Amino acid sequence: MATHQKRKLAEGRKHQNMQNDTKASQGQWGRAWEVDSFSLASILFLLMFAPLTVYYFIMSCTHYQCALTDPLLDLLTGNKHLSDIWNRTPMLTYRAAGIYFLWVTFQVVLYVFIPDFCHKFLPGYVGGVQEGAVTPAGVVNKYEINGLQAWIITHVLWFANASCFHFFSPTIIFDNWIPLLWCANILGYAVSTLAMIKGYFFPTNAKDCKFTGNFFYDYMMGIEFNPRIGKWFDFKLFFNGRPGIVAWTLINLSFAAKQQELYSEVTNSMILVNVLQGIYVLDFFWNEAWYLKTIDICHDHFGWYLGWGDCVWLPYLYTLQGLYLVYHPVQLCTTHAIGVLILGLLGYYIFRTTNHQKDLFRRTNGNCRIWGKKPEYIECSYMSVDGTKYYSKLMTSGFWGWARHFNYTGDLMGSLAYCLACGFEHILPYFYIIYMTILLTHRCIRDEHRCSSKYGKDWKRYTAAVPHRLLPGIF
């Protein structure tokens, strides 16, 4: 009996060690295993106030001509009560619900049922079935890359309707903006709840799930790493790219159409916002296969943070410049307009070239030339949950020798250009650059904390070789 008991204790210790090893290894990716009090407080704050923030911005435009502080001043001085503002807010309508249902359904059809054909005739475009990065459990998922195709089909139909068919007004999105906000919130909460239930009861891959035991954290940050329905419907890829980013350019076009309707012209500032943000959207879909290697797909679990954020936060707050320009049309002087255009294009050039250098380096395993020279790099290793050892190379030349996240620097330059196109009368359109600065700085810190855990001493060698995060010589 004593021998049997010792064997059970030994097996128990072995099982516990295996769990600890799994946690340690998988802890290199994604969200945490355990929740500290600060993280929980942050999660609760975001769950409560992020939806209110979106409503506040949109309501400031519709009720207060985009004066961001006026609603708060009205409430603090007693001129208005919350009920007064709420009673003036358009509610959910059957028309908006029908529009939104048809929109999401159409994007699902384009995503799931129409294989990509763009890669067959567009030189340099990578579409069709592509492999993603290895997951913590050692799984390599396959994706149908057809976002560019979905964007083209959607916009061809949009312009065909505007010029020929006239089934609906090009201002339809602006005219139903707040009722559509309620629809987007319903979908965002529904898909986040579904993802959590799925993670508990029928996960796509149980080894790629993380449970903290804290309901709010698990709901916010997600349980499943890559939740899927069937073979091809991937929650992350669809919700990040299709309802939100395909809609981004349509939303801006609707705002431009409303400006034309109200003022009989489209200002150069609105054109700049449409062009610069349109370039960013097209870049996303042209490089959708590259997106499979980014932090969203490779590290984040799918929860409310991505589900609600993709449905509500992205389409409503990333388009504030266009919305602002409907209420405050700005005709920029030639010098200002050219300056904004140059800043936006330079930011895009840095963003795209930096990412291209990294992608070329990965695809060729370092057997390429960056700025006419063979790239320099540091070789690293890491372990997956199943104990398999993998090797990576971290480039230390080209733009990646200037700063560890120089692609984010280009992204921030483009973000600032969108805001500068709106002039200087109100702070509201500048929310985007403030938010993106916080978001990308936080991403830098998150990514580097994860890489430090993942690569250990190799990461210290890398940071010694490339000491700055975003701005060479400064930060």
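At-a-glance table
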item: Whole-number percent relative contact order across the stretch 192-234, with pairs defined as alpha carbons under 8 Å at least 6 apart; result: 45 percent
item: Distant-in-sequence amide H partners of Val129 (H built 1.01 Å from N, under 5 Å); result: Ile145
item: With DNA, RNA and ligands ignored, accessible area of Glu379 (1.4 Å probe; Å², nearest 10); result: 90 Å²
item: Estimated distance in nm for a label pair at Ile338 and Leu122, the labels positioned 7 Å out from Cα along Cα-to-Cβ; result: 3.2 nm
item: Average Cα contact separation per residue, the stretch 351-461, under 8 Å, 6 or more apart, as relative contact order %; result: 24 percent
item: Solvent exposure, largest accessible area first (probe 1.4 Å, DNA, RNA and ligands not counted), of Leu73, Leu40; result: Leu73, Leu40
item: Euclidean distance of C-alpha centroids, the stretch 43-78 and the stretch 295-368, integer Å; result: 25 Å
item: Ranked order, Trp151, Trp402 - accessible area, probe 1.4 Å, largest first; result: Trp402, Trp151
item: Overall Cα dimensions of the chain, principal axis frame, Å, largest first; result: 86, 58, 48
item: Sites Val108 and Lys80 - FRET efficiency at Förster radius 41 Å, r taken between beta-carbons, to 0.05; result: 0.50
item: Value at 222 nm in deg cm²/dmol, rounded to 500, when DSSP H runs of n ≥ 4 in the chain each add -39,500 (n - 2.57); result: -19000 deg cm²/dmol
item: Simple label model, 7 Å out from Cα along Cβ direction - His468 to Tyr435, nm; result: 2.8 nm
item: Between the stretch 87-111 and the stretch 232-265, the alpha-carbon center distance in angstrom; result: 13 Å
item: Loop-located chymotrypsin sites (Phe, Trp or Tyr not before Pro) in the stretch 67-148, at most 12 other Cβ atoms within 10 Å (DSSP); result: Phe117, Phe121
item: Sites Ile279 and Tyr390, calculated FRET efficiency, Cβ-Cβ separation with R0 35 Å, nearest 0.05; result: 0.50
item: Per-peptide average of other Cβ atoms within 10 Å, ordering 341-350, 366-375, 413-422, 436-445 highest first; result: 413-422, 341-350, 436-445, 366-375
item: In the stretch 185-246, the trypsin sites (Lys or Arg not before Pro) that fall in loop regions by DSSP, at most 14 other Cβ within 10 Å; result: Lys231
item: Difference of contour (0.36 nm per residue) and Cα-Cα distance, Arg362 to His442; result: 26.3 nm
item: Inter-label distance, nm, simple model (7 Å from Cα along the C-beta direction), Ile186/Phe49; result: 2.9 nm
item: For the stretch 114-228, Kirkwood radius (reciprocal of mean inverse C-alpha pair distance, Å); result: 17.8 Å
item: Normalised per residue, the volume of the convex hull around the Cα set of the stretch 38-89 (Å³); result: 90 Å³
item: The stretch 71-155: trypsin sites (Lys or Arg not before Pro) in DSSP coil with no more than 12 other Cβ atoms inside 10 Å; result: Arg88
item: Relative contact order (percent, whole number), the chain, Cα cutoff 8 Å, 6+ residue spacing; result: 18 percent
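The values are calculated or read from the model by the stated rules, or taken from the named source; none is laboratory data. This one's a predicted model, so the numbers in the text were calculated from it and none came from an experiment. So basically every Cβ, Gly included, is an ideal-geometry build from the backbone, and we count neighbours across all protein chains shown. Remember, those area values only see protein heavy atoms, side chains included, never the ligands or the DNA or RNA. Shrake-Rupley method; radii C 1.70, N 1.55, O 1.52, S 1.80 Å.
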